[in-house]
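S.K.: Here it is: the structure, laid out below.
The values are calculated or read from the model by the stated rules, or taken from the named source; none is laboratory data. As the structure is a computational prediction, the values presented were derived from the model and not from experiment. When we count neighbours, we look across all protein chains shown, and the Cβ atoms used for this are built from the backbone with ideal geometry, even at glycine.
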Amino acid sequence: MISNRRIQVRPDKYQPPRAMTVIERQLVEHLITELQGSTSSWQNQIKQRYPHLTAYDLRLCTYLKANLSTKEIATLLNITPDSVKKAKHRLRKKIIMRPEDSWGDFLFRY
């Protein structure tokens, strides 16, 4: 039986997903255009060197190679900055990268 009850949402608990701002949309469009041409070649090199990386890991590498900040990556992936930090930490472990090594030095080798 279908109920006619309405679900009440407490305004202090519910936050609708936020739409991308104009700047964020422009950033995404720019990032996609910049990386479309060069992505496949260096991603293939990384895949050959580290075949166990997932598609998510490669996407994270792409954003890191574009020199995006943790907050910018979080916005693009629609996750929290802490989740991005954790993902970066896990990626470091997968590719056996020392904590003192920078992402820029690592990714620009490819």
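S.K.: Considering the range 44-58 alone, what residues qualify as being over 15 Å from Phe106 (Cα atoms) and either basic (Lys, Arg) or under 10 Å from the mean Cα position of the chain (by Cα) (or both)?
M.R.: Tyr56
S.K.: On to the next question. Restricting attention to the range 65-78, which residues are at pLDDT below 90 and not hydroxyl-bearing (Ser, Thr, Tyr)?
M.R.: Correct list: Lys65, Ala66, Asn67, Leu68, Glu72, Ile73, Ala74, Leu76, Leu77, Asn78.
S.K.: Moving on to the next point. So, Thr62, is that one within 10 Å of the chain's Cα centre (by Cα) and modelled with pLDDT of 90 or more or not?
M.R.: So Thr62 fails the test.
S.K.: Does Thr80 count as touching a residue at least 12 places away in the same chain (Cβ under 8 Å), surrounded by 12 or more Cβ atoms within 10 Å (Cβ to Cβ) and farther than 14 Å from Asp57 by Cα?
M.R.: No: the conditions fail for Thr80.
S.K.: Just the residues that are at pLDDT 90 or above and in contact with a helix residue (DSSP H, G or I) (Cβ under 6 Å, 6 or more places away or on another chain), please, taken from the range 88-107.
M.R.: Across the range 88-107, the qualifying residue is only Leu91.
S.K.: Follow-up question, since we're still on this one. Here is a check on your reading of the model: is Ser3 over 13 Å from the mean Cα position of the chain (by Cα) and either over 28 Å from Arg109 (Cα atoms) or at pLDDT 75 or above (or both)?
M.R.: yes
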